[in-house]
1. So, in the range 17-33, how many residues would count as being open to solvent by less than 30 Å² (accessible area, probe 1.4 Å) and assigned to a helix (DSSP H, G or I)?
2. Any chance the range 34-55 includes a residue that's open to solvent by 70 Å² or more (accessible area, probe 1.4 Å) and of a type outside the set (A, V, I, L, M, F, W, C)?
3. Residues of the range 61-106 being open to solvent by 100 Å² or more (accessible area, probe 1.4 Å) and either at positive phi or modelled with pLDDT under 80 (or both), which ones?
4. Quick check on the range 80-89. Is at least one of its residues farther than 21 Å from Leu12 by Cα and of a type outside the set (Ser, Thr, Tyr)?
5. Between residues in the range 44-60 that are β-branched (Val, Ile, Thr) and residues that are loosely packed, with under 14 Cβ neighbours inside 10 Å and part of a helix (DSSP H, G or I), which pairs lie under 8 Å by C-beta distance while being six or more apart or on different chains?
Amino acid sequence: IATMLVGGGFGLAWLTFNAWAVGSPTRIRETAICAGGFVVAIMALLVVGALGLAEGPARYAGVAIILVKLAAAYWVTFLQQPAVEIHEYYGGRKQNGLIVLLLGTFVLKRGLAQAPDSLAWLKILVL
């Protein structure tokens, strides 16, 4: 949900934090997937920028960049699910991250909405 509400960059960082906080046995793999998703999104953005696409095709390319981040987020969520369930089964408590997500949603999106158009690439990477 973090990736959908706040954006890919913040969502992948949140999933990485969660992997280490829960003590997932695959936390190194999860961290690598999150970092890889972000790096692939940056590389895809650089390729799209180098191609100099018109506005219409560039929007579809932006969707592809978001898709990369969402795919990484879903993959990591799938890997984390057993660890979270075991954590809860043995008395661990899941903390509610809603406050952090809401702050991220409103603060980050408001700050990026006021950013100049020259930073459009940052908007695509973060959101």
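1. If we filter the range 17-33 for residues that are open to solvent by less than 30 Å² (accessible area, probe 1.4 Å), which is where we start, we get 19, 24, 30, 33.
Right, trim to assigned to a helix (DSSP H, G or I) and you get 19, 30, 33.
So the answer is 3.
2. Taking every residue of the range 34-55 in turn, at least one turns out to be open to solvent by 70 Å² or more (accessible area, probe 1.4 Å) and of a type outside the set (A, V, I, L, M, F, W, C).
3. Arg93, Lys94, Gln95, Asn96, Ile99, Leu103, Phe106 - these are the residues of the range 61-106 that are open to solvent by 100 Å² or more (accessible area, probe 1.4 Å) and either at positive phi or modelled with pLDDT under 80 (or both).
4. Going through the range 80-89, the residues farther than 21 Å from Leu12 by Cα turn out to be 86, 88-89.
Now restrict to residues that are of a type outside the set (Ser, Thr, Tyr): 86, 88.
There is at least one residue in the range 80-89 that is farther than 21 Å from Leu12 by Cα and of a type outside the set (Ser, Thr, Tyr).
5. none
The values are calculated or read from the model by the stated rules, or taken from the named source; none is laboratory data. Owing to the predicted nature of the structure, the values given are computational and were not obtained by experimental measurement. Virtual Cβ from ideal backbone geometry, glycine too; neighbours counted across all protein chains shown. For accessibility, only protein heavy atoms count, side chains too; no ligands or nucleic acids. Shrake-Rupley method; radii C 1.70, N 1.55, O 1.52, S 1.80 Å.
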